[in-house]
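So the structure is just underneath, and the comments pick up after that.
The values are calculated or read from the model by the stated rules, or taken from the named source; none is laboratory data. Bear in mind that the values here come from a model prediction, so they are computed numbers and not experimental data. Don't worry about glycine lacking a Cβ; one is built from the backbone with ideal geometry, like all the others, and counts go over all protein chains shown. Accessible surface is based on the protein model in full, side chains and every heavy atom, while ligands, DNA and RNA are left aside. Shrake-Rupley method; radii C 1.70, N 1.55, O 1.52, S 1.80 Å.
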Amino acid sequence: IYGFGGLGQRLLEGLLSLGVVPVAIVDQGPAAALPLPAGIPRLGVDEACRQFGTRAVFVVAIFNQSGDRAFARIRADLEARGVRQVLYVMPLLWRFADVFLPYYCFDLPSRRLPHRHAMRQVYRTLADAASRACMAFHVYQLTCPAPLFALEATAPDETYFPAEQIPLSDHEVFVDGGAFDGLTMRRFLDRCRGRFQAYVGIEPDPANVERLRQAVDDARGSSTGQFIVQACALGPESREAGFLAAGNLSSAIDDTAPGGLRVPVRTLESLVVPHVPTVIKLDIEGDELAVLQGSAAWLRRHRPRLAVCVYHRPDDVWTIPAFVSHELPGYRITLRRHREHLDDFVMYAVPSPPSA
């Protein structure tokens, strides 16, 4: 297994459940410190190629592909080192779909086929050619066995705030759904030059909340607006839920999570916000559509601008834009990919100005 982030870990767990024991794990990134089952070594690239280049299949299990992490580059590098068989993970996930899928936006292509008419309808409602190219490429990526070429990403440093879609004024009330450790907050402050009305960071993971609070404390002196941190998750209804606290970007609501951690869940309208939100960002590990559906009437009333991730579930790329098109009439919907591969894929929905 080449790569031991979230996808590589999912692959290892599934293979072991099938009675297949990989001969080695190759990962030199942050996941290199994660423990492995006894008998499975962690090797560097050179050693893995030397030991197994002619007698093992190297399965590339990297979800967040960009730059040197792109499959085509990895395959070329491994083949240059003498590796005979390099496979992207997708065909393996398809072969054992009952074990591995769905996983984020990965699923069997045949399961998307019944939705092709709805997908075409969303494709036609998108506001520009760049959005239609993004959607078409996303579908291509999910239906081909290996990502052999990329569509150029749109300004990674403008994720959630591309100037064309989300121009910012000095009076924004920004709800940061899935605030993590303050990454988006820092980007927001940079884009609005520290001048805004209120920032509301929503984050349920206790470790992330502490880091977010520290980031807020560090930012107060150079900003004019009010900062609010709410230690909760977002959902279609207010309740308590089990939570998988990974302390990173993959933390998520999970009522089956071990450890007994419970977190409050709030709807958009029940948040403690001093003013009506003007911009809402949702990066909440697959609950984006449910949150929008649970607050549809509130959204129609206040008409905030939306920046919503559409890559956490297989149908997000069409169900989320379809919801906005149907439930929030008069919104201009665009899609932008802020990385070359599957993550950081965002729908922007902006209400059109009233007619004169």
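Once each part is reduced to its C-alpha centroid, what is the distance from segment 285-356 to segment 74-98 in angstrom?
Taking the Cα centre of segment 74-98 as reference, the centre of segment 285-356 is 34 Å away.
Once every Cα of segment 50-173 carries one equal point scatterer and solvent is ignored, give the base-10 log of I(q)/I(0) from the Debye formula at q = 0.11, 0.14, 0.18, 0.19 Å⁻¹, two decimals.
-0.55, -0.81, -1.11, -1.17
Using a 1.4 Å probe over the heavy atoms of the protein chains, calculate the carbon and sulfur portion of the accessible area of the chain as a whole percent.
Of all accessible area on the chain, carbon and sulfur atoms account for 53 percent.
Place +1 on the Cβ of every Lys and Arg and -1 on the Cβ of every Asp and Glu in segment 1-141, take the dipole about the Cα centre, and give the residue among Tyr2, Ile62, Ala97 whose Cα lies farthest towards its positive end.
Ala97
For an R0 of 56 angstrom, estimate the FRET efficiency from the Cβ-Cβ distance between Ser222 and Ala297 and round to the nearest 0.05.
0.90
May I ask for the percentage of alpha-carbon pairs in segment 279-356 that lie more than 19 Å from each other?
Of all Cα-Cα pairs in segment 279-356, 29 percent lie more than 19 Å apart.
Counting only heavy atoms of the protein chains, get the accessible area per residue of segment 1-113 (1.4 Å probe) and round it to a whole Å² value.
Per residue, segment 1-113 has an accessible area of 50 Å².
Report the label-to-label distance for Val21 and Ala129 in nanometres (one decimal), using points 7 Å from each Cα along the Cα→Cβ vector.
So the label points at Val21 and Ala129 sit 5.6 nm apart.
Based on alpha-carbon atoms only, what is the radius of gyration of the chain relative to the globular estimate 2.2 N^0.38 Å?
Dividing the Cα Rg of the chain by 2.2 N^0.38 Å gives 1.04.
For segment 1-45, divide the Cα radius of gyration by the Kirkwood radius and give the resulting Rg/Rh value with two decimals.
Across segment 1-45, the Cα-based Rg/Rh ratio is 0.92.
If you take the charge dipole of the chain about its Cα centre, with +1 on Lys and Arg Cβ and -1 on Asp and Glu Cβ, which of Leu335, Pro236, Gly294 is farthest toward its positive end?
Working it through, the farthest residue towards the positive pole turns out to be Leu335.
Give me the dipole magnitude in Debye, nearest 20, for the chain about the Cα centre, with unit charges on the beta carbon: positive for Lys and Arg, negative for Asp and Glu.
The calculation lands at about 780 debye.
What is the magnitude of the charge dipole of segment 55-123 about its Cα centre, with +1 placed on the Cβ of each Lys and Arg, -1 on the Cβ of each Asp and Glu, and no other charges, expressed in debye to the nearest 20?
160
Students often check this: by mean Cβ neighbours within 10 Å, which of 15-24, 273-282, 162-171 ranks highest, and how do the rest follow?
Packing proxy ranking, top to bottom: 273-282, 162-171, 15-24.
Using Cα-Cα distances under 8 Å and only pairs 6 or more residues apart, what relative contact order does the chain have, in percent?
Dividing the mean separation by the residue count of the chain yields 16 percent.
Just want to confirm a number: the relative contact order over segment 95-193, from Cα pairs under 8 angstrom separated by 6+ residues, in percent.
Value for segment 95-193: 18 percent.
Provide the gained length on full extension for the span Leu113 to Asp170, in nm with one decimal, where the gain is 0.36 nm per separating residue minus the Cα-Cα distance.
16.0 nm
For segment 125-200, take every pair of Cα atoms, bin their distances at 10 Å starting from 0, and report each bin as a whole percent.
15, 38, 28, 17, 3
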